[in-house]
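Take a look at the structure set out below.
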Amino acid sequence: MPGRSDLRALARDLLRAASLPETVVWVRARAVGHTRWFHEGPTTAGESERVDVHVTAAMDGRSASVRGVAERLADARALLSEAEALARLAPKDPEHVPPVGAVKVPRVRRFDRRLAAAGPEGRRKLVAPAIERALARGVQPSGFCRVEVQRTVVADSAGLDAYDEGTEIALSLTCRTPDGTGSSKGGVVSHRLRGIDPAALGERVAAAAERARAPRPIDPGRYTVVLAPEAAADLLAFLRVAMSLRAAEEGRSAFSAPGGRTKIGERLFDERVTIGSDPADPRHPSSPLGPGGYPVRRTVWVDRGRLVALPVGRAWAARRGLAPRPMGSSMFVAGGKGDAQSLVRTVQRGIYVTRFWYNRVLAARSLTVTGMTRDGTFWIEDGAIAHPIKNLRYNESPLRVLANLVALGTPVRSGLSRAVLVVPPMVVRDFTFSSTSDAV
């Protein structure tokens, strides 16, 4: 896999060869290994390496971007030539922004050499304890383990020269009971091997599958719910995507207010809610490179329930006379103390949701989302899990969820999301379920 110096040399060669006044070059090397398994052992495994080059060329407000796989220098130069030819033909873009230029990018440590060295045999040894624990409990395990190593250089004709490297492991496990009525799923995502416990994951998911066997029907309606971190992350991921200053000012989002105003400064959520992003977080780092190579920095978006800022891209920021403020790929939601099971003990009657799936936006202006529960949904009675229930379709908004909070637990990174979503389990009142489903 090419190293930092190799990628920088390729980027600089393209900048030297450029004939148009504005050029931005991304060079990204990726090595990905995966292992898929079912029941007692692996079913497939694969390794891939590639170098992707993304070139944007511009002149007089006209620009074009081309990307492709570059196995040789000649391949990369062909992409540059194509981008320049297209830029000469392109119409003027009223929202064109010049290259970022020489800016300081936050230093982020998210590369684990042990993880980078894990090959097929390393992945097999890693997933074996999860499989063994699940089989020992008499359930049927299946899952997927992916290890990725990534190195990125972004450089431009105005002086930007930034580098980022990272590793990531994503391990997911699904367990089904032999009769097909009980199911559970869980996972872990991290930039390092340390702290990952596949045996504990196998035990937890297998036990949840057994507990989900033979679910009982329940009427739809509004209930108090306990959302496991994965379920909370499934909902709050929509909030992260919807946060945009431009969309709010153009009247297209849940953060719009009459007269072209926004809801910045308003208290929208429970006062315990604080939301931020931070690529350099030591426990859960993420890439510091935003669009065009503009740096992503630590930002607070919601402070004690009050919306204090919204992400803004470079073009809209230039129009509004603001500094750009990208969100990046992380979102941190503050919480309290305790895991999901400790929150269950505080609920007299309600529903425990392990996770959601098939989630879709119904209405952008209210940020109403729909989807279904899956892989273990349970009735809570007198502070304990009483029995499994059949799955339910929900129609709800993460805005209402964060306004109707009863309690928050300790934030953890969701084990089923590629983005860095660190959220707490939560108790929410008046959560809307619209119908039932026989799906497992």
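Quick notes
- Highest mean first, the peptides 416-427, 34-45 sorted by other C-beta atoms within 10 Å per residue fall in the order 416-427, 34-45.
- Within the shell of other residues whose beta carbon sits under 15 angstrom from the beta carbon of residue 122, the net charge comes to +3, with Lys and Arg scored +1 and Asp and Glu -1.
- Shown is the FRET efficiency for residue 199 and residue 308, computed with R0 = 35 Å from the Cβ-Cβ distance and rounded to the nearest 0.05: 0.25.
- Counted by neighbouring Cβ atoms within 10 Å, the residues 287, 65 run from fewest to most as 65, 287.
- Here region 155-170 is scanned for amide nitrogen atoms under 19 Å from the site 7 Å beyond the Cα of residue 16 along Cα-to-Cβ, giving 155-162.
- Axis of helix 4-17 versus longest Cα principal axis of the chain: the two differ by about 40°, to the nearest ten degrees.
- In terms of its C-alpha gyration tensor, the chain comes out oblate, because a/c is 1.5 or above while a/b does not outweigh b/c.
- Residue-by-residue Karplus 3J(HN,Hα) for region 387-402, coefficients 6.51, -1.76, 1.60, Hz, glycine and proline x: 5, x, 10, 5, 5, 10, 8, 10, 10, 7, 10, x, 5, 5, 4, 6
- Cα-based helix-to-principal-axis angle, 229-242 vs the chain, degrees rounded to 10: 40 degrees
- Here the spin labels are modelled as points 7 Å beyond Cα on the Cα-Cβ line, and at residue 90 and residue 132 they lie 5.5 nm apart.
- Nearest-ten-degree value, helix 198-211 long axis tilted from longest Cα axis of the chain: 50 degrees
- Inter-probe distance in nm under a simple model that places probes 7 Å from Cα toward Cβ, at residue 283 and residue 48: 3.3 nm
- Sequence-ordered 3J(HN,Hα) estimates for region 27-34 from the Karplus curve with 6.51, -1.76 and 1.60 and θ = phi - 60° stand at 10, 10, 9, 9, 10, 10, x, 9 Hz, glycine and proline given as x.
- Cα gyration tensor shape for region 153-260, rounded if a/c is under 1.5, else prolate or oblate: oblate
- Partners for residue 390 among lysines (Cα-Cα distance below 17 Å; same-chain residues under 8 apart left out): 185
- Bridges between two residues of the chain, per DSSP, are antiparallel at a rate of about 95%.
- From least to most packed, judged by other beta carbons within 10 angstrom and beginning with the fewest, 6, 179 follow the order 179, 6.
- This ranking places 243, 327 by how few other beta-carbon atoms lie within 10 Å of each, fewest first, which gives 327, 243.
- Under the shape rule built on the C-alpha gyration tensor, where the axes satisfy a ≥ b ≥ c, region 1-62 is prolate, since a/c reaches at least 1.5 and a/b is greater than b/c.
We did not get these values from a lab; they are worked out from the coordinates using the rules stated. All of these numbers come straight from a predicted model, not from anything done at the bench. Cβ coordinates were reconstructed from backbone atoms using ideal geometry, including for glycine residues, and neighbour counts include every protein chain displayed.
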